[in-house]
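Take a look at the structure set out below.
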Amino acid sequence: MTTKTKTLERNGTSKTTGNTSSWHRAFIANSEWPDKDEFLDVIYWARQALGIILGVIWALLPLKGFIGLLLFALVNAGVIYLYFSNFQNVDEEEYGGAWELTKEGFMTSFAGFLVTWIIIYSGLYYE
Amino acid sequence: MWTDTFLIVFISICTAFLGEGLTWLMVYRTDKYQKLKTEVEKQSKRLEKRKEAHGDSLDKQHKKKIEREEERLKNNNRDLSLVKMKSMFAIGFAFTALLSMFNSIFDGRVVAKLPFVPLGWIQGLSHRNLPGDDYTDCSFIFLYILCTMSIRQNIQKLLGFAPSRAASKQGNSLFGPAPGQFK
(Lines give C-alpha, C1' and ligand atoms only; values in the text may rest on other atoms or scores of the structure.)
Protein backbone atom coordinates (compact mmCIF):
# COMPACT_ATOMS: atom_id res chain seq x y z
CA MET A 1 0.00 0.00 0.00
CA THR A 2 2.79 2.38 0.88
CA THR A 3 4.49 1.86 -2.45
CA LYS A 4 1.24 2.58 -4.22
CA THR A 5 0.73 5.99 -2.62
CA LYS A 6 4.36 6.82 -3.07
CA THR A 7 4.35 6.19 -6.79
CA LEU A 8 1.10 8.07 -7.22
CA GLU A 9 2.52 11.05 -5.39
CA ARG A 10 5.69 10.94 -7.37
CA ASN A 11 3.90 10.70 -10.68
CA GLY A 12 1.43 13.40 -9.71
CA THR A 13 4.00 15.94 -8.67
CA SER A 14 6.32 15.29 -11.57
CA LYS A 15 3.42 15.80 -13.93
CA THR A 16 1.99 18.99 -12.50
CA THR A 17 5.21 20.84 -11.87
CA GLY A 18 6.94 19.39 -14.91
CA ASN A 19 4.25 20.25 -17.42
CA THR A 20 3.78 23.94 -16.70
CA SER A 21 7.44 24.78 -16.55
CA SER A 22 8.62 22.46 -19.30
CA TRP A 23 6.05 23.86 -21.75
CA HIS A 24 7.13 27.33 -20.86
CA ARG A 25 10.77 26.40 -21.36
CA ALA A 26 10.01 24.66 -24.65
CA PHE A 27 9.41 28.06 -26.29
CA ILE A 28 12.46 29.76 -24.83
CA ALA A 29 15.74 29.36 -26.68
CA ASN A 30 18.67 27.63 -24.97
CA SER A 31 16.64 26.46 -21.96
CA GLU A 32 18.15 24.25 -19.29
CA TRP A 33 16.87 20.66 -19.25
CA PRO A 34 17.98 18.96 -16.06
CA ASP A 35 15.54 16.08 -16.58
CA LYS A 36 16.19 14.34 -19.89
CA ASP A 37 12.73 12.77 -19.98
CA GLU A 38 11.10 16.19 -19.81
CA PHE A 39 12.88 17.33 -22.96
CA LEU A 40 12.11 14.05 -24.73
CA ASP A 41 8.43 14.56 -23.81
CA VAL A 42 8.52 18.03 -25.34
CA ILE A 43 10.02 16.55 -28.52
CA TYR A 44 7.39 13.79 -28.53
CA TRP A 45 4.38 16.10 -28.23
CA ALA A 46 5.84 18.68 -30.62
CA ARG A 47 6.15 15.87 -33.14
CA GLN A 48 2.53 14.78 -32.68
CA ALA A 49 1.30 18.33 -33.20
CA LEU A 50 3.58 18.75 -36.22
CA GLY A 51 2.29 15.49 -37.72
CA ILE A 52 -1.32 16.65 -37.54
CA ILE A 53 -0.54 20.16 -38.83
CA LEU A 54 1.42 18.74 -41.80
CA GLY A 55 -1.44 16.30 -42.46
CA VAL A 56 -3.90 19.20 -42.73
CA ILE A 57 -1.57 21.24 -44.97
CA TRP A 58 -0.76 18.30 -47.29
CA ALA A 59 -4.50 17.57 -47.68
CA LEU A 60 -5.45 21.19 -48.38
CA LEU A 61 -2.72 21.73 -50.99
CA PRO A 62 -3.34 18.79 -51.98
CA LEU A 63 -0.08 16.86 -52.10
CA LYS A 64 -0.33 13.37 -53.57
CA GLY A 65 1.79 10.27 -53.97
CA PHE A 66 5.06 9.23 -52.45
CA ILE A 67 6.41 12.74 -52.67
CA GLY A 68 3.97 13.60 -49.86
CA LEU A 69 5.27 10.80 -47.65
CA LEU A 70 8.87 11.69 -48.40
CA LEU A 71 8.33 15.38 -47.79
CA PHE A 72 6.65 14.61 -44.49
CA ALA A 73 9.60 12.54 -43.28
CA LEU A 74 12.05 15.26 -44.34
CA VAL A 75 10.11 18.19 -42.88
CA ASN A 76 9.30 16.34 -39.66
CA ALA A 77 12.85 15.21 -39.02
CA GLY A 78 14.29 18.53 -40.22
CA VAL A 79 12.11 20.75 -38.04
CA ILE A 80 12.81 18.67 -34.93
CA TYR A 81 16.52 18.61 -35.75
CA LEU A 82 16.62 22.38 -36.14
CA TYR A 83 14.63 22.76 -32.92
CA PHE A 84 16.98 20.77 -30.72
CA SER A 85 20.27 21.66 -32.39
CA ASN A 86 19.78 25.34 -33.26
CA PHE A 87 17.00 26.60 -30.98
CA GLN A 88 17.57 24.67 -27.77
CA ASN A 89 21.25 23.88 -28.42
CA VAL A 90 21.17 20.66 -26.39
CA ASP A 91 24.10 18.29 -26.31
CA GLU A 92 22.94 15.40 -28.51
CA GLU A 93 25.36 12.99 -26.91
CA GLU A 94 23.53 13.29 -23.59
CA TYR A 95 20.50 11.74 -25.24
CA GLY A 96 22.40 9.02 -27.04
CA GLY A 97 23.07 10.87 -30.29
CA ALA A 98 21.01 12.88 -32.77
CA TRP A 99 19.36 9.71 -34.05
CA GLU A 100 17.67 8.99 -30.68
CA LEU A 101 16.15 12.47 -30.68
CA THR A 102 15.20 12.33 -34.35
CA LYS A 103 13.29 9.07 -33.96
CA GLU A 104 11.56 9.95 -30.67
CA GLY A 105 7.82 9.54 -31.33
CA PHE A 106 8.32 9.40 -35.12
CA MET A 107 6.06 6.41 -35.82
CA THR A 108 3.17 7.77 -33.78
CA SER A 109 3.52 11.12 -35.46
CA PHE A 110 3.61 9.41 -38.87
CA ALA A 111 0.39 7.52 -38.09
CA GLY A 112 -1.28 10.74 -36.92
CA PHE A 113 -0.13 12.49 -40.09
CA LEU A 114 -1.50 9.72 -42.34
CA VAL A 115 -4.86 9.73 -40.58
CA THR A 116 -5.36 13.50 -40.93
CA TRP A 117 -4.02 13.55 -44.50
CA ILE A 118 -6.27 10.68 -45.62
CA ILE A 119 -9.41 11.85 -43.83
CA ILE A 120 -9.30 15.48 -44.95
CA TYR A 121 -8.13 14.60 -48.48
CA SER A 122 -10.91 12.09 -49.08
CA GLY A 123 -13.49 14.29 -47.37
CA LEU A 124 -12.65 17.31 -49.53
CA TYR A 125 -12.11 15.72 -52.95
CA TYR A 126 -14.36 12.64 -52.96
CA GLU A 127 -18.01 12.16 -52.20
CA MET B 1 -16.94 9.89 -46.67
CA TRP B 2 -16.76 12.27 -43.71
CA THR B 3 -19.24 10.18 -41.71
CA ASP B 4 -17.39 6.89 -42.28
CA THR B 5 -13.98 8.30 -41.46
CA PHE B 6 -15.15 10.13 -38.36
CA LEU B 7 -16.99 7.02 -37.25
CA ILE B 8 -13.76 5.04 -37.55
CA VAL B 9 -11.80 7.64 -35.59
CA PHE B 10 -14.52 7.56 -32.94
CA ILE B 11 -14.47 3.75 -32.85
CA SER B 12 -10.71 3.69 -32.38
CA ILE B 13 -10.85 6.31 -29.62
CA CYS B 14 -13.50 4.21 -27.85
CA THR B 15 -11.60 0.94 -28.25
CA ALA B 16 -8.35 2.59 -27.10
CA PHE B 17 -10.02 3.85 -23.92
CA LEU B 18 -11.77 0.52 -23.45
CA GLY B 19 -8.48 -1.36 -23.85
CA GLU B 20 -6.63 0.92 -21.46
CA GLY B 21 -9.53 0.80 -18.98
CA LEU B 22 -9.60 -2.99 -19.02
CA THR B 23 -5.84 -3.20 -18.66
CA TRP B 24 -6.02 -0.76 -15.77
CA LEU B 25 -8.67 -2.91 -14.09
CA MET B 26 -6.77 -6.13 -14.59
CA VAL B 27 -3.13 -5.03 -14.46
CA TYR B 28 -2.11 -1.45 -13.77
CA ARG B 29 -3.95 -1.03 -10.48
CA THR B 30 -2.72 -4.26 -8.92
CA ASP B 31 -0.11 -3.94 -6.19
CA LYS B 32 2.06 -6.58 -7.80
CA TYR B 33 2.31 -4.69 -11.09
CA GLN B 34 3.02 -1.36 -9.43
CA LYS B 35 5.69 -2.82 -7.21
CA LEU B 36 7.37 -4.52 -10.15
CA LYS B 37 7.13 -1.44 -12.30
CA THR B 38 8.77 0.88 -9.77
CA GLU B 39 11.40 -1.76 -9.13
CA VAL B 40 12.20 -2.11 -12.83
CA GLU B 41 12.33 1.65 -13.30
CA LYS B 42 14.65 2.10 -10.36
CA GLN B 43 16.91 -0.71 -11.49
CA SER B 44 17.05 0.53 -15.08
CA LYS B 45 18.03 4.02 -13.99
CA ARG B 46 20.64 2.69 -11.60
CA LEU B 47 22.06 0.40 -14.24
CA GLU B 48 22.19 3.18 -16.80
CA LYS B 49 24.05 5.43 -14.36
CA ARG B 50 26.47 2.71 -13.45
CA LYS B 51 27.14 1.90 -17.08
CA GLU B 52 27.79 5.55 -17.81
CA ALA B 53 30.15 5.85 -14.87
CA HIS B 54 32.15 2.70 -15.52
CA GLY B 55 31.36 2.25 -19.18
CA ASP B 56 34.88 1.79 -20.48
CA SER B 57 36.65 0.60 -17.36
CA LEU B 58 37.85 -2.94 -17.50
CA ASP B 59 37.51 -3.43 -13.76
CA LYS B 60 36.31 -6.98 -13.26
CA GLN B 61 34.46 -6.19 -10.06
CA HIS B 62 32.39 -3.50 -11.70
CA LYS B 63 31.70 -5.68 -14.67
CA LYS B 64 30.46 -8.44 -12.43
CA LYS B 65 28.25 -6.06 -10.51
CA ILE B 66 26.75 -4.74 -13.72
CA GLU B 67 26.15 -8.24 -15.00
CA ARG B 68 24.45 -9.23 -11.76
CA GLU B 69 22.19 -6.22 -11.93
CA GLU B 70 21.37 -6.91 -15.56
CA GLU B 71 20.37 -10.41 -14.58
CA ARG B 72 18.13 -9.15 -11.79
CA LEU B 73 16.56 -6.60 -14.11
CA LYS B 74 15.93 -9.29 -16.69
CA ASN B 75 14.13 -11.43 -14.13
CA ASN B 76 11.98 -8.55 -12.99
CA ASN B 77 11.16 -7.70 -16.57
CA ARG B 78 10.10 -11.23 -17.22
CA ASP B 79 7.80 -11.16 -14.19
CA LEU B 80 6.35 -7.86 -15.36
CA SER B 81 5.63 -9.25 -18.82
CA LEU B 82 3.99 -12.33 -17.32
CA VAL B 83 1.69 -10.18 -15.16
CA LYS B 84 0.70 -8.25 -18.27
CA MET B 85 0.42 -11.28 -20.52
CA LYS B 86 -2.72 -12.87 -19.06
CA SER B 87 -4.85 -9.79 -19.39
CA MET B 88 -3.38 -9.04 -22.80
CA PHE B 89 -4.64 -12.37 -24.03
CA ALA B 90 -8.12 -11.76 -22.64
CA ILE B 91 -8.26 -8.28 -24.17
CA GLY B 92 -6.84 -9.63 -27.43
CA PHE B 93 -9.67 -12.12 -27.76
CA ALA B 94 -12.33 -9.52 -26.95
CA PHE B 95 -10.87 -7.13 -29.50
CA THR B 96 -10.61 -9.73 -32.24
CA ALA B 97 -14.32 -10.36 -31.81
CA LEU B 98 -15.09 -6.63 -31.88
CA LEU B 99 -12.89 -6.11 -34.92
CA SER B 100 -14.56 -8.88 -36.90
CA MET B 101 -17.92 -7.30 -36.08
CA PHE B 102 -16.81 -3.92 -37.41
CA ASN B 103 -15.19 -5.66 -40.35
CA SER B 104 -18.50 -7.19 -41.37
CA ILE B 105 -20.29 -3.84 -40.98
CA PHE B 106 -17.81 -2.12 -43.30
CA ASP B 107 -17.38 -5.13 -45.58
CA GLY B 108 -16.68 -4.13 -49.19
CA ARG B 109 -17.11 -0.43 -48.43
CA VAL B 110 -14.56 2.16 -49.53
CA VAL B 111 -14.24 4.31 -46.41
CA ALA B 112 -11.64 6.75 -47.73
CA LYS B 113 -9.42 7.64 -50.69
CA LEU B 114 -5.69 7.41 -50.18
CA PRO B 115 -3.64 10.31 -51.56
CA PHE B 116 -0.93 7.77 -52.50
CA VAL B 117 -0.69 4.22 -53.80
CA PRO B 118 0.57 2.02 -50.97
CA LEU B 119 3.46 -0.41 -51.37
CA GLY B 120 2.70 -3.93 -52.51
CA TRP B 121 2.59 -5.65 -49.15
CA ILE B 122 0.45 -2.93 -47.59
CA GLN B 123 -2.09 -3.16 -50.41
CA GLY B 124 -3.28 -6.42 -48.86
CA LEU B 125 -4.43 -4.40 -45.86
CA SER B 126 -5.50 -1.17 -47.50
CA HIS B 127 -7.49 -2.94 -50.21
CA ARG B 128 -8.85 -5.79 -48.06
CA ASN B 129 -12.28 -7.06 -49.18
CA LEU B 130 -12.68 -4.20 -51.63
CA PRO B 131 -13.83 -4.67 -55.23
CA GLY B 132 -11.92 -3.27 -58.21
CA ASP B 133 -8.27 -2.51 -58.90
CA ASP B 134 -8.08 1.06 -57.73
CA TYR B 135 -5.45 0.78 -55.03
CA THR B 136 -6.11 4.25 -53.70
CA ASP B 137 -9.35 2.90 -52.24
CA CYS B 138 -8.98 2.49 -48.49
CA SER B 139 -10.59 -0.27 -46.48
CA PHE B 140 -11.88 0.00 -42.92
CA ILE B 141 -9.09 -2.10 -41.44
CA PHE B 142 -6.27 0.10 -42.79
CA LEU B 143 -7.70 3.34 -41.46
CA TYR B 144 -8.58 1.68 -38.17
CA ILE B 145 -5.03 0.40 -37.68
CA LEU B 146 -3.56 3.82 -38.44
CA CYS B 147 -5.99 5.53 -36.05
CA THR B 148 -5.23 3.02 -33.32
CA MET B 149 -1.49 3.41 -33.83
CA SER B 150 -1.61 7.12 -33.20
CA ILE B 151 -4.49 7.36 -30.73
CA ARG B 152 -3.70 4.45 -28.45
CA GLN B 153 -0.09 5.39 -27.87
CA ASN B 154 -0.95 9.01 -27.20
CA ILE B 155 -3.66 8.00 -24.75
CA GLN B 156 -1.22 5.67 -23.00
CA LYS B 157 1.25 8.49 -22.70
CA LEU B 158 -1.35 10.98 -21.49
CA LEU B 159 -2.59 8.59 -18.82
CA GLY B 160 0.95 7.72 -17.80
CA PHE B 161 0.65 4.02 -18.69
CA ALA B 162 3.40 4.00 -21.30
CA PRO B 163 6.56 2.18 -20.20
CA SER B 164 9.27 4.54 -19.01
CA ARG B 165 12.14 5.39 -21.34
CA ALA B 166 14.82 4.13 -18.98
CA ALA B 167 13.10 0.75 -18.75
CA SER B 168 12.52 0.34 -22.46
CA LYS B 169 16.07 1.41 -23.21
CA GLN B 170 17.33 -1.49 -21.11
CA GLY B 171 15.05 -3.82 -23.09
CA ASN B 172 12.06 -4.20 -20.84
CA SER B 173 9.90 -6.81 -22.42
CA LEU B 174 10.06 -10.51 -22.92
CA PHE B 175 10.29 -9.94 -26.66
CA GLY B 176 12.41 -6.80 -26.54
CA PRO B 177 16.13 -6.63 -27.20
CA ALA B 178 18.37 -8.11 -24.56
CA PRO B 179 20.07 -5.62 -22.24
CA GLY B 180 23.16 -4.13 -23.76
CA GLN B 181 22.51 -5.65 -27.14
CA PHE B 182 22.78 -2.38 -28.99
CA LYS B 183 25.69 -1.00 -27.01
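Report the residue count in the stretch B:120-146 for those that are touching a Lys or Arg at 6+ places or on another chain (Cβ under 8 Å), of a type outside the set (Phe, Trp, Tyr) and either open to solvent by 70 Å² or more (accessible area, probe 1.4 Å) or in a helix (DSSP H, G or I) (or both).
So the answer is 1.
If the requirement is being assigned to a helix (DSSP H, G or I) and without any contact (Cβ under 8 Å) to a residue 12 or more places away in the chain, which of these qualifies: B:LYS45, B:LYS63, B:LYS74, B:LYS84?
Within the list B:LYS45, B:LYS63, B:LYS74, B:LYS84, the selection yields B:LYS63.
Suppose we filter A:PHE106, A:PHE113 for residues that are within 23 Å of A:PHE27 (Cβ to Cβ), among the hydrophobic types (A, V, I, L, M, F, W, C) and at the interface with chain B (Cβ under 9 Å from one of its Cβ atoms); which single one remains?
A:PHE113
May I ask you to list pairs of residues, at least six apart or on different chains, whose Cβ atoms are under 6 Å apart, with the first in the stretch B:6-19 being under 16 Å from A:ILE120 (Cβ atoms) and the second being open to solvent by 20 Å² or more (accessible area, probe 1.4 Å) and of a type outside the set (A, V, I, L, M, F, W, C)?
B:ILE8/B:TYR144
How many residues are open to solvent by 30 Å² or more (accessible area, probe 1.4 Å) and either modelled with pLDDT under 90 or assigned to a loop (DSSP other than H, G, I, E, B) (or both) if we restrict to the stretch A:105-127?
Selection size over the stretch A:105-127: 3.
Failed condition for B:LEU80, given (1) modelled with pLDDT under 90; (2) exposed (fewer than 12 other Cβ atoms within 10 Å of the Cβ), with all others met?
(2)
How about the stretch B:106-119: which of its residues are at pLDDT 90 or above and open to solvent by 50 Å² or more (accessible area, probe 1.4 Å)?
Matches in the stretch B:106-119: B:VAL117 only.
The values are calculated or read from the model by the stated rules, or taken from the named source; none is laboratory data. Not measured: the values here are computed from a predicted model. Every residue, glycine among them, receives a Cβ derived from its backbone with ideal geometry; neighbour counts consider all protein chains shown. The accessibility values were calculated without ligands, DNA or RNA, using every heavy atom of the protein model including side chains. Shrake-Rupley method; radii C 1.70, N 1.55, O 1.52, S 1.80 Å.
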